[in-house]
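Report on one structure; see the data block that follows.
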Amino acid sequence: MAELRLGPLLRYADGSSATVWVEASRPCTAEVRCADGARGEAPTFQVAGHHYALVPVSGFAPGTTRPYEVFLDGTRVWPLSDAPFSAFPPSVIRTPSEDDSVRVAFGSCRWAAPPSGERDPVGPDALDTLASRIAGDPDGERPDVLLLLGDQVYADETSPATRRWLAARRDLSDPPGNQVADYEEYTHLYYESWLDPEVRWLLSTVPSCMIFDDHDVIDDWNTSAAWVEDIRATDWWRERLLSGLMSYWVHQHLGNLSPDELATDPLYAAVRETPDGTDELRAFACKADADPATVRWSYRRDFGRTRLLMVDTRAARVLDEQSRAMLDPGEAQWLREQMLEEPGSCDHLLIGTSLPWLLPHLVHDAEAWNAALCRGEKGARWARFGENLRRAADLEHWAAFPASFEALTALIAEAGSGPEAPATVLVLSGDVHHAYVAEPRWPSDAPDARVLQLTCSPVHNSIPPYIRLGFRFGWSAVARALGRRFAAHGDCSRPPVSWRKTGGPWFGNQLMTLTLRGRSALLRLEQAREVRGGRPQLVTVTESEVAR
């Protein structure tokens, strides 16, 4: 009999359809049945000895809520009846209403929570805490979609339990040591993260959109051409990268796509049509490694009159120092077309990019200065120093790609201008293990839309005290003056916009939530905090009106 190994994850959901992702223990037919008779089924496909299905379900009406069950070869496998799952309400599929309202929660950077009963060294998990709140009040407020903006798993920073599992499998004295090495070890990371009971139930009942960042593969992934050259010289990197891309495609990317996109995806068709899709998927990963421009991980989702563009800022980079770009030309053109398509068709434009566009001023100027050094503006010796500094200090955000920073700034202004402009253009980011709000100011011809950088991280991770001090200092007037000295040394031009911090910095395990209704927008930041004598709770730190 087939058993449910992982999932279900409710991924895509619109006004009439949804997709549910599962992993089974053997080949079978996965079926989703809703309480009112709506259903869907799909045969599993195989990758590296694992069996997955993405089940499309249709026939919904907008604004409805339906409990659902999962069956494998006709046997019910979800919901689970044993503790702690017996305490959770039924998993449901909620379809968006037609009133153009949507609630979007987002964050990034999540270490898997330790097993129940063990001390959590980094404090309460914001996703666990969100799950507990929703389970305690099933008819209360919940996100319509959860955006996970990178570092869903940490391939290079494994837990003690995972290290023990790895040590039983191979000799950890051989590279890559206690980091993951292949596809099977990646699957273990997803088990560790997504079998967490609270998170498992949460992802079964709240739709999710995901995009990778560096730790999904390795810290500083694709930071520079020199970095790529060095890591490709190792004998373990190729298998690590291919396995990372393959596992990301299976566990995260497929669920980002709509049923119509899945129906026309040639790789998805090829993997499903063969008894074992491993070779097909591996060939795809090899092609993505050899020529990243042939693959698009970015995608678009529409929630009524809210448009979300999730942008790949890792695999789509151009790393030649003389033409360095965050996005390759094809990716940049795709983003431009999506942002400017059908003027007047959206009230809110959300740009999901794991790496912040607007940073603390000192950090921005240091990254622009570093890019100039690495480009050779001050000679070969400074270029070598700049490369070492880039890797040591993680200088790789939009500011480290000056031409891309300017292009994105101009595109945001263009998309936010004119009589049919959206009410807001909001850049949603994570990565930097704290939260803040920054608002740009254009010297002239400011866009009509309210433009904000909204950064929220981590969901469940930590940040050393000295880094906290550094980020606080980075916003100060003294830091701004210091940053301009760096920029002057590198002969860097001034950014096309100025900006100021209007909220934060906030440190802790946290989530931001946007409530969008018509052309109004409300922002809330909540942190997971221990409550004496009770379970951790999400506590509102700040709430503000973004647009009326």
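The values are calculated or read from the model by the stated rules, or taken from the named source; none is laboratory data. Since the model is a prediction, treat every value here as computed from it, not as a measurement. When we count neighbours, we look across all protein chains shown, and the Cβ atoms used for this are built from the backbone with ideal geometry, even at glycine. Keep in mind that these areas ignore ligands, DNA and RNA; they rest on the heavy atoms of the full protein, side chains included. Shrake-Rupley method; radii C 1.70, N 1.55, O 1.52, S 1.80 Å.
A few remarks follow.
- Secondary-structure-derived ellipticity at 222 nm for the chain, considering helices only, amounts to -9000 deg cm²/dmol, per-run term -39500 (n - 2.57) for DSSP H runs with n ≥ 4.
- On Cα atoms only, tilt of 278-290 relative to the major axis of the chain in degrees: 10
- Rounded Å value of the spacing that divides the Cα centres of the stretch 36-108 and the stretch 120-160: 18
- Per the Kirkwood formula applied to alpha carbons, the stretch 325-429 shows a radius of gyration over Rh ratio, Rg over Rh, of 1.07.
- In degrees, nearest ten, helix 402-415 long axis to first principal axis of the chain (Cα): 70
- Shape category assigned to the stretch 402-548 from the gyration tensor of Cα positions, a/c cut at 1.5: oblate
- In the chain, the portion of solvent-accessible area held by carbon and sulfur atoms comes to 50 percent [1.4 Å probe, whole percent, DNA, RNA and ligands not counted].
- Here the chain is described by how far its Cα atoms reach on the three principal axes: 68, 57, 52 Å, from widest to narrowest.
- Taking the inverse of the mean 1/r over every pair of distinct Cα atoms in the stretch 184-262 gives a Kirkwood hydrodynamic radius of 14.4 Å.
- Overall Cα dimensions of the stretch 1-93 - principal axes, largest extent first, Å: 39, 29, 20
- Cα principal axis extents for the stretch 462-544, largest first, Å: 55, 39, 16
- Mean Cβ count within 10 Å, highest first, over the residues of peptides 141-151, 340-350: 141-151, 340-350
- In Hz, Karplus ³J(HN,Hα) per residue of the stretch 215-230 (6.51, -1.76, 1.60; θ = phi - 60°; x = Gly, Pro): 5, 4, 10, 5, 4, 6, 3, 6, 6, 6, 5, 5, 4, 4, 4, 5
- Prolate/oblate/rounded call for the stretch 222-307, Cα gyration tensor, a/c under 1.5 rounded: oblate
- The accessible-area ordering, largest first, of the residues Arg390, Arg164, Arg472 stands as Arg164, Arg472, Arg390, per a 1.4 angstrom probe.
- Extension gain, Asp230 to Asp302, is 21.9 nm, computed as 0.36 nm per intervening residue step minus the present C-alpha separation.
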